[in-house]
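S.K.: Below is a structure I'd like to ask you about.
The values are calculated or read from the model by the stated rules, or taken from the named source; none is laboratory data. Computed from a predicted model, the values in this text were never measured in an experiment. Cβ coordinates were reconstructed from backbone atoms using ideal geometry, including for glycine residues, and neighbour counts include every protein chain displayed. The accessibility values were calculated without ligands, DNA or RNA, using every heavy atom of the protein model including side chains. Shrake-Rupley method; radii C 1.70, N 1.55, O 1.52, S 1.80 Å.
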Amino acid sequence: MSWVEGMVIGNAFLVVILILVRWQLWKTGKKLRERLAEAEKERARDEAMLGSRGEGLVVIDTSGNIVRMNPMSESLLGWKQTEVVGKKWDDVAILETEEGKRIEVDKRATIKVLTSGKTITNDKYYYVRRDGKRFPVGTTAAPVLFDKKVIGVIAVFRDVTREKYIDRAKS
């Protein structure tokens, strides 16, 4: 075999290898695109579920900053998620007693959940909306756990004005 024939065979071998590598990359890329499309569908489904809740829902990190807020939270509090992500929850959702006294940060359910790791439910306080109007709120704050460590809080809340009105009418 001459050196020219050897070069031709070597080049043909390289071409076959490159074709096989390209085919394998295409196949892997196709699988990745399929997985990405599946993950996007799951994310869209999760967003739809969060958005369709009839209650406000907020996710707070270990520093007390807002990570996520659903559309009902926006409606109840008068803030858009884009305006509040990264801000302190206690600065956005001001919590007061019935008499109008602001609840100290360390007394709020979200902070207690971060330190205790236990779910807390409360319906005796009021949130102050962005426009200054107040409404009685029922809240459940629960820890977000990862590897048995609290990495945040999910707070679910709703306007309990109607329930308070009915309770007063009964008494």
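S.K.: Select from the range 92-111 the residues that are at pLDDT 95 or above, open to solvent by 70 Å² or more (accessible area, probe 1.4 Å) and either in contact with a strand residue (DSSP E or B) (Cβ under 9 Å, 6 or more places away or on another chain) or assigned to a helix (DSSP H, G or I) (or both) and list them in ascending order.
M.R.: Arg102
S.K.: Starting from residues that are in a loop (DSSP other than H, G, I, E, B) and in contact with a helix residue (DSSP H, G or I) (Cβ under 6 Å, 6 or more places away or on another chain), keep the ones in the range 63-78 and report whichever is modelled with the lowest pLDDT.
M.R.: Asn70
S.K.: Only one residue in Gly86, Gly54 is at pLDDT 95 or above and either loosely packed, with under 11 Cβ neighbours inside 10 Å or in a helix (DSSP H, G or I) (or both). Which one?
M.R.: None of the others qualify; the one that does is Gly86.
S.K.: Filter the range 116-171 for residues that are in a helix (DSSP H, G or I), basic (Lys, Arg) and surrounded by 12 or more Cβ atoms within 10 Å (Cβ to Cβ) and give the result.
M.R.: Lys164, the sole residue that qualifies.
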